[in-house]
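S.K.: Pasting in a structure now, in C-alpha cells, and then I'll have a few things to ask.
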Amino acid sequence: MGSGNPGAIGISHAAHNTSTVSHITIRSSDPARAGAYGLGLNRAWPGPNLFQDIKIEGFDIGIMVDHWEYSITFDRIELEHQNKLGIRNTKNAVALHHERSRNKAPLYEGGGR
C-alpha cells in the first residue's frame, strides 16, 4: 500500500466452501496514514477460511471481519503498527491460534455468532 490512501484495503478477500491464504505479508508503506484494513473479510458469506502465517503491518485495522456466516480460522498471525485495532469481528465465528500483536491498539474487538 502506498501512502495517502486512508480508505484502501490491502486485500479484500472473498471465498466460499473452504479456502486458504498463507505465507504473505500485507504492508502499508506509511502506517500512520495509509489504509483502512490490511485484510478485509467483509463480503457476503466468507468461509470456511483458513488464514495462516500472515503478517500485517500498518493500517487502521489489521483484519476486518464483517459478515455472519460460516467461520474463519487464523493461525500464526502477526499484527504490527495498527492505528486503532488489530482485529474487528462484527458477526462471525472466529478462531485465533498463535496470534502475536505488537501494537498499542487492542488486539481484538467483537463477538460473533
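What follows draws every value from the coordinates through simple rules; no lab data is involved. These numbers were taken from a predicted model, which means no experiment stands behind them. Note that we place each Cβ from the backbone using ideal geometry, even for glycine, and neighbour counts take in every protein chain shown.
S.K.: To the nearest whole percent, what portion of all C-alpha pairs in the chain is separated by more than 18 angstrom?
M.R.: Values: 2675 of 6328 pairs.
For the chain, the fraction of Cα-Cα distances above 18 Å is 42 percent.
S.K.: Something else about it: What distance in nm lies between label points placed 7 Å from Cα along the C-beta direction at K91 and T25?
M.R.: Here the modelled spin labels are 3.4 nm apart.
S.K.: Then there's this: If you plug each phi of segment 15-23 into the Karplus form 6.51 cos²θ - 1.76 cosθ + 1.60 with θ = phi - 60°, what whole-Hz ³J(HN,Hα) values come out, in order, with x for Gly and Pro?
M.R.: 8, 8, 6, 6, 8, 9, 10, 8, 6
S.K.: Here's a follow-up. Within segment 45-89, report the GluC sites (Glu not before Pro) that DSSP leaves as loop and that have at most 15 other Cβ atoms within 10 Å.
M.R.: Values: sites: E57, E69, E78, E80; in loops: E69.
Those that pass, being in a loop and sparsely packed, are E69.
S.K.: Read phi for every residue in segment 101-107 and hand back ³J(HN,Hα) as whole Hz from Karplus 6.51 cos²θ - 1.76 cosθ + 1.60, θ = phi - 60°, with x for Gly and Pro.
M.R.: In residue order, the calculated couplings are 10, 10, 9, 7, 6, x, 6 Hz.
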